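The values are calculated or read from the model by the stated rules, or taken from the named source; none is laboratory data. Because the structure is a prediction, the values reported are computed rather than measured. Positions of Cβ are generated from backbone atoms using ideal geometry, with glycine treated the same way; all protein chains shown enter the neighbour counts.
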Amino acid sequence: MGEQINNYEQGYRSALSREEKQQFRQEYCKKSAFLGISLTFANLATIYAAIAVAYLAFVHLGSPIMAALVTLLSLIVATRQMRALENIVHFGSHNNFCQDKQLNDRMTNLLAAWPMLQDVRQYRVFHAAHHGDYGSHGDPCKERLERIGASGLEINNNRQLVYAILVWMPAYVREFYNEVKSSSKQVAIFGLWHTLVIGGLFAAFGWQFAAFAAAHWFVSMFLILPFLRSIAEFSEHDYQLGDTVCDTTFNNLGLLDHVLLHPAGDAWHALHHLHPTVTWWKQGAAHRFLMQRDSAYRRVHNRDDLIQDIANFPVAARTLDIDKQSGKEGKSGYPSGFGIAPAE
C-alpha cells in the first residue's frame with residue numbers, strides 16, 4: 001500500500017433509525033460526575049489494596065515462595081489498574097468523565113492522570129490529532145510505530161513478537177511520554193502527588209509499608225506497564241488493512257483483553273472511534289445495542305482471542321494479496337508495521 005498522506009475516511013454510516021439514534025445518545029452518551037469519580041477512585045484504591053495484600057504476605061506468610069507468588073499477583077493486579085487509569089485519562093480527554101468540562105479535567109487529573117505522569121489537557125492535544133488525522137502523517141499513533149522501528153519487520157511467532165517488543169521498549173517508552181506531553185512540570189506534579197500519598201501511608205502505617213508501596217508502584221508502572229500497554233496499543237489498529245477507520249480499527253473482546261490489557265472501556269476501541277461520545281463505563285452496553293440494531297456497525301472487526309494468534313495475523317499488503325489470490329480471507333490483522341510472514 002502506498003504512502004498515506006491524507007487521513008482515512010470513517011467508512012461507517014449508521015443504519016440506526018432516527019428514534020434509535022436518539023435512544024442510543026440518551027442511554028450511552030449521558031455523563032455522570034458521580035460514576036466518573038467513584039469508578040475512577042475504585043480503580044485507584046484497588047492498586048493500593050493489591051499493594052497492601054503483597055505487604056501482608058511478606059510480613060505474615062512463613063513461606064518466601066508463597067509471599068513471592070502473592071507479590072507477583074499483586075503486581076499484575078496493580079499494573080492492570082494502572083492501565084485502567086491511563087484509559088480513563090484517554091476517555092477524560094474526550095470529556096467523557098462528566099458533563100462539567102472543568103470538573104472533568106480536574107477529576108481526571110487528580111484521580112487518574114497525575115499519578116500516571118500525565119495531564120488530561122496535554123493528552124487531549126495528542127489524542128485529538130489521532131482522531132482528526134487518523135491514518136495520515138499527522139496521526140501520532142501511526143508515526144510512533146515508524147519512529148520506534150516497528151515497520152517492515154517479519155514476525156512469525158509469539159516468541160519473536162515478545163523479543164521485538166523488548167527491543168523496542170526503550171524507544172517506545174520515550175515516544176509514549178513525548179506524545180502525552182509528560183513535561184518537567186508533570187514530573188514535578190507526579191512527584192508531589194506520590195509524595196503526599198506515601199507521606200499519608202507513612203503516617204498511618206509506618207515507613208516500611210510506605211517504602212514497600214513506593215517500590216511496588218515503581219515496578220508496576222515503569223517495568224511492567226509499558227510491556228502490557230505496548231501489546232494493547234499495537235492491537236487496536238492495523239493501518240494496512242484498508243483505508244477507512246472502520247476497516248482498520250478493532251474491538252478486542254477476548255477474556256485476556258478484559259481482564260488485563262484493555263480495562264475501563266478500552267476493549268471496544270472500534271466503537272470508540274465511531275462513537276467517541278459514549279462514556280467509558282457504557283462501552284460494553286453500547287456495543288451490544290449496536291450489534292443488535294445497526295447493520296453497518298456489525299462490519300467492524302471484533303477479536304475474541306488475542307494471544308492465540310497474536311503473531312499470526314496477516315498484516316503486510318503482500319500477505320493480504322496472497323490470501324486474496326488463494327481465495328482465502330485473512331483474519332483481522334495486527335498493527336501496521338508488522339510484516340507477518342506467512343506460515344510455512
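Given the structure, is P115 without any contact (Cβ under 8 Å) to a residue 12 or more places away in the chain and not in a loop (DSSP other than H, G, I, E, B)? Write out each step before concluding.
Values: without any contact (Cβ under 8 Å) to a residue 12 or more places away in the chain: no; not in a loop (DSSP other than H, G, I, E, B): yes.
Answer is no for this residue.
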Exercise. Out of all the residues in region 97-120, is one or more in contact with a helix residue (DSSP H, G or I) (Cβ under 7 Å, 6 or more places away or on another chain), aromatic (F, W, Y), crowded, with 18+ Cβ neighbours inside 10 Å and modelled with pLDDT under 95?
Worked result: yes
Exercise. What number goes with the only condition from (1) farther than 20 Å from N95 by Cβ; (2) modelled with pLDDT of 95 or more; (3) surrounded by 24 or more Cβ atoms within 10 Å (Cβ to Cβ); (4) not hydrophobic (A, V, I, L, M, F, W, C) that D266 does not pass?
Worked result: (1)
Exercise. Mind checking which residues of region 241-262 are among the aliphatic types (A, V, I, L, M) and surrounded by fewer than 17 Cβ atoms within 10 Å (Cβ to Cβ)?
Worked result: L255, L256, V259
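Every residue, every condition in (1) among the acidic types (D, E); (2) touching a Phe, Trp or Tyr at 6+ places or on another chain (Cβ under 8 Å); (3) under 17 Å from H275 (Cα atoms), yes or no:
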position: N6; (1), (2), (3): no, no, no
position: E9; (1), (2), (3): yes, no, yes
position: Y12; (1), (2), (3): no, yes, yes
position: A15; (1), (2), (3): no, yes, yes
position: K21; (1), (2), (3): no, no, yes
position: A42; (1), (2), (3): no, no, no
position: N95; (1), (2), (3): no, no, yes
position: K101; (1), (2), (3): no, no, no
Seminar exercise, completed: Only one of V167, V173, V187, V197 is at negative phi, of a type in the set (V, I, T) and under 18 Å from the mean Cα position of the chain (by Cα), namely V173
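Which one of D257, D266 is assigned to a helix (DSSP H, G or I) and not basic (K, R)? Before you say what the answer is, go through the steps one by one.
Values: D266 fails: assigned to a helix (DSSP H, G or I).
None of the others qualify; the one that does is D257.
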For this session: For H216, state whether it is at pLDDT 95 or above and surrounded by 19 or more Cβ atoms within 10 Å (Cβ to Cβ).
Result: yes
Seminar exercise, completed: Exactly one of A78, A54, A45, A33 is within 20 Å of the chain's Cα centre (by Cα) and in contact (Cβ under 8 Å) with a residue 60 or more places away in the chain, and that residue is A78
